[in-house]
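S.K.: Handing you this structure, nothing more for now.
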């Protein structure tokens, strides 16, 4: 069974650009969450989606947005990139909203 | 004050030792408590998941939750060099919208 898959694995963008990160959950999982992890810190919660509805939002600016598609895959969009957005972006999926979450390997975003 | 506090370590122990990892939290709305293990440049891997207070055991790992003290622990028995990783506690609850909050992670080294 395939785990959570994220694409791309690495990405370099210039300040001010836009980026889209993608996540495919484990088959049958209906909840997807997004996290930002800066080196040396724990993951910071960005969004949680369940059944295509936003269920939770962390303390991130409006430049960050996300959506979940009918097949439960998800996209995270970040506009007007800043140097401080450089981080590992993690996606996690779970069967329902409050059950065990499984993480993908992440997308490493570098903003130059 | 952070919602979840976790000593970043590093914690260094000899092979075979019992390891105790801990987190404290401030928000009584948290109901779900998780421990993740993260190897360098990888996504977090779920180790233990508990709901509310109590103990849970899985092989060499035991998780304890004390909601009255807002304190959770992970014990690792017979520690192995392969246990060397960063251990992250995480908590979830309806805190004005559902969100999962991670600790900063404790870096563990098990010496052979």
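The values are calculated or read from the model by the stated rules, or taken from the named source; none is laboratory data. Only a predicted model underlies this, so the values are computations on that prediction, with no experimental measurement involved. Counting neighbours? That spans all protein chains shown, and the Cβs are built from the backbone with ideal geometry, glycine included.
S.K.: Does residue A:56 qualify as being away from every other protein chain (no Cβ under 14 Å) and either within 20 Å of residue A:99 (Cβ to Cβ) or within 13 Å of the chain's Cα centre (by Cα) (or both)?
M.R.: Against the criterion (away from every other protein chain (no Cβ under 14 Å) and either within 20 Å of residue A:99 (Cβ to Cβ) or within 13 Å of the chain's Cα centre (by Cα) (or both)), residue A:56 does not qualify.
S.K.: Can I ask one more? Among the numbered conditions (1) more than 10 Å from chain B (Cβ to nearest Cβ); (2) in contact (Cβ under 8 Å) with a residue 12 or more places away in the chain; (3) farther than 30 Å from residue B:7 by Cα, tell me where residue A:85 comes up short.
M.R.: Of (1) more than 10 Å from chain B (Cβ to nearest Cβ); (2) in contact (Cβ under 8 Å) with a residue 12 or more places away in the chain; (3) farther than 30 Å from residue B:7 by Cα, only one is false for residue A:85: (3).
S.K.: Then there is this: Give the number of residues within the stretch B:43-78 that are surrounded by fewer than 21 Cβ atoms within 10 Å (Cβ to Cβ), at negative phi, assigned to a loop (DSSP other than H, G, I, E, B) and modelled with pLDDT of 90 or more.
M.R.: 5
S.K.: Would you pick out the residues in the stretch A:63-82 that are in a strand (DSSP E or B) and in contact (Cβ under 8 Å) with a residue 24 or more places away in the chain?
M.R.: A:66, A:68, A:74, A:75, A:76, A:77, A:78
S.K.: So residue A:36 fits all but one of (1) surrounded by fewer than 16 Cβ atoms within 10 Å (Cβ to Cβ); (2) not in a loop (DSSP other than H, G, I, E, B); what number is the exception?
M.R.: (1)
S.K.: Let me ask something else about it. So residue A:100 clears everything in (1) within 13 Å of the chain's Cα centre (by Cα); (2) within 13 Å of chain B (Cβ to nearest Cβ); (3) without any contact (Cβ under 8 Å) to a residue 40 or more places away in the chain except one condition, right? Which one?
M.R.: (1)
S.K.: In the stretch B:93-112, which residues are closer than 15 Å to residue B:5 by Cα and under 13 Å from the mean Cα position of the chain (by Cα)?
M.R.: The answer is B:101, B:102, B:103, B:104, B:105, B:106, B:107.
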